[in-house]
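Below is one structure, written out as structure tokens; the observations come after it.
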Amino acid sequence: MNPNPDIRRAHLLLLLVILVFWQAGCGKSPPAAVEKPPAPATVTGAVKEADLATIKLTAEAETRLGIELATVEMRAVAETRTLAGEVVLPPDRAITVAAPISGTIAIEGEPLAAGSFVRKGQPLYRLTPFLAPERDLRLQLERETTSAATRTEAARVRLRRAEQLLQEKAGSEKSVQQAQEELALAENDLTAARARLTQFQERPLAADASVAIASPRDGIVQRLAVAPGQSVNGGAALVDIASYATLWLRVPVYVGDLSSIDRRRNAQAHDLNGAMGGSVRAARPVSAPPTADAVSDTADLYFELSNADGALRPGQKLGVTLAVRGTQEGLVIPWAAILYDIHGGAWVYENTAPHSFTRRRVEVARVLAGEAVLQRGPAVGAKIVRTGGAELFGTEFGAGK
């Protein structure tokens, strides 16, 4: 039986559509592969820090290099804070030399100049009294002697008061020392005034009754107030002399951090651009008139610096490391064990086996009293080279013997 022509045509049409789509799918070309962009950088020959070379020495070579070991420790270390400080001249370090009597100034010895150094007892000026009538000159010398005696007695009272406050633990040794210096100067003036009065009584209106004025201390000339040939009255300022042997360090501290600073402990002063672990100066805390700055919300702490070498000068800025109350745990190794490469990287040599040493990178947080506190380093208990690390460094890179 023949099928229906309409059904047969529908089957043929469906078959034709299937063939057309099949041919279209078979003839389509595959998509082209997407090329990856080249890498921005390539690294060849890289060596991981964990795979650094290990130096193996003979027992004789280790002895010859003087290798000494230290142990990495974890212990409590003092916290610190580094700020900027200013070198200032203490108020009691400058002395004004005054004319003991009225007269004419002349140079005694070498001419003075601002900034020149003078020794205690060095002649500065010679003062020739005015040739007044005998009665007027006698009265002037008597007034000067009385005034010097009054100043001496007042200085003696201040000294007794300062010593009493020190015994009652309400004063300081520094105040006693200042009072002793003031009394010594006043007694010297009184002795000189009495000598001039005695000399006048023995030889009134003597032509050679000039007075030699000497430096009362070692120091640097700050200011010259008179010139040779100038006439001055008794008590007039002649020259200012300051001692730079001991200076103060003023450190502004934010008032919010002031209570956390341990003011009883010494500070460490160093150059602002000084390398970590470089030379430092110990600065002792001192009592000073309280000062503060309301604009910057800071209060000042004062420390005393020795300046025997004369390297410091007032107004100079220094970095100051202050001790903070409390401690924290940290890895501690000797500062001498740290080595630096040309790029500033810090390293130590770890003793990984008998006579074997491997270089390890470390990160130094700070240096305290010859010890380095690490942020990252070998494990606690590891043995590192304390002495002889530089020789191992040279051996590893071909510069050693």
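The values are calculated or read from the model by the stated rules, or taken from the named source; none is laboratory data. Everything numeric here is computed off the predicted structure, so don't read it as measured data. Here the Cβ positions follow ideal geometry from the backbone for every residue, glycine too, while neighbour counts run over all protein chains shown. Accessible surface is based on the protein model in full, side chains and every heavy atom, while ligands, DNA and RNA are left aside. Shrake-Rupley method; radii C 1.70, N 1.55, O 1.52, S 1.80 Å.
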Just to check your reading of the model, which residue among Ile338, Ile333, Ile342 is at pLDDT below 85 and not hydroxyl-bearing (Ser, Thr, Tyr)?
Ile342
Residues of the range 382-391 satisfying the condition of being within 28 Å of Arg75 (Cα to Cα) and either surrounded by fewer than 20 Cβ atoms within 10 Å (Cβ to Cβ) or at pLDDT 85 or above (or both)
Ala382, Lys383, Ile384, Val385, Arg386, Thr387, Gly388, Ala390
Looking only at residues that are surrounded by 16 or more Cβ atoms within 10 Å (Cβ to Cβ) and assigned to a strand (DSSP E or B) in the range 226-241, which one is nearest to the chain's Cα centre (by Cα)?
Ile241
Can Ala399 be described as aliphatic (A, V, I, L, M) and at pLDDT 85 or above?
no
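Yes or no, residue by residue, for (1) open to solvent by 70 Å² or more (accessible area, probe 1.4 Å); (2) modelled with pLDDT of 85 or more; (3) touching a helix residue (DSSP H, G or I) at 6+ places or on another chain (Cβ under 6 Å):
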{"residue": "Arg138", "(1), (2), (3)": "yes, no, no"}
{"residue": "Ala148", "(1), (2), (3)": "no, yes, yes"}
{"residue": "Thr152", "(1), (2), (3)": "no, yes, yes"}
{"residue": "Asp189", "(1), (2), (3)": "yes, yes, yes"}
{"residue": "Gln199", "(1), (2), (3)": "no, no, no"}
Among strands (runs of 3 or more DSSP E) completely within the range 56-128, the ones holding 3 or more residues that are of a type outside the set (Asp, Glu) and closer than 30 Å to Ala369 by Cα are 68-71, 73-88
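Sort out which residues of the range 60-103 are closer than 30 Å to Thr128 by Cβ and open to solvent by 50 Å² or more (accessible area, probe 1.4 Å), and write them in order of number.
Result: Ala94, Thr96.
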Note on the range 242-260: residues more than 13 Å from the chain's Cα centre (by Cα) and open to solvent by 10 Å² or more (accessible area, probe 1.4 Å) are Ser243, Tyr244, Ala245, Thr246, Pro252, Tyr254, Val255, Gly256, Asp257, Leu258, Ser259, Ser260
Suppose we filter Ala283, Ala294, Ala269, Ala323 for residues that are loosely packed, with under 12 Cβ neighbours inside 10 Å, of a type in the set (Gly, Ala, Ser) and more than 21 Å from Arg376 (Cα to Cα); which single one remains?
Ala294
Could you check Asp309 against (1) in a strand (DSSP E or B); (2) closer than 30 Å to Gln122 by Cβ and say which number it fails?
(1)
Every listed condition ((1) outside any strand (DSSP E or B); (2) at pLDDT 85 or above; (3) open to solvent by 70 Å² or more (accessible area, probe 1.4 Å)) holds for Arg223 save (1)
Which condition from (1) open to solvent by less than 80 Å² (accessible area, probe 1.4 Å); (2) part of a loop (DSSP other than H, G, I, E, B) is the one that Asp300 breaks?
(2)
Within the range 326-351, the residues that are open to solvent by 20 Å² or more (accessible area, probe 1.4 Å) and free of Cβ contacts under 8 Å to residues at least 40 places away in the same chain are Tyr340, Asp341, Ile342, His343, Gly344, Glu350
Scanning the range 351-381 residue by residue, the ones that are within 14 Å of Val72 (Cα to Cα) and under 33 Å from the mean Cα position of the chain (by Cα) total 15
Would you be able to say whether some residue in the range 368-377 is assigned to a strand (DSSP E or B), surrounded by fewer than 13 Cβ atoms within 10 Å (Cβ to Cβ) and not hydroxyl-bearing (Ser, Thr, Tyr)?
yes
Residue count, the range 108-120 (criterion: open to solvent by 60 Å² or more (accessible area, probe 1.4 Å) and closer than 21 Å to Asn233 by Cα)
0
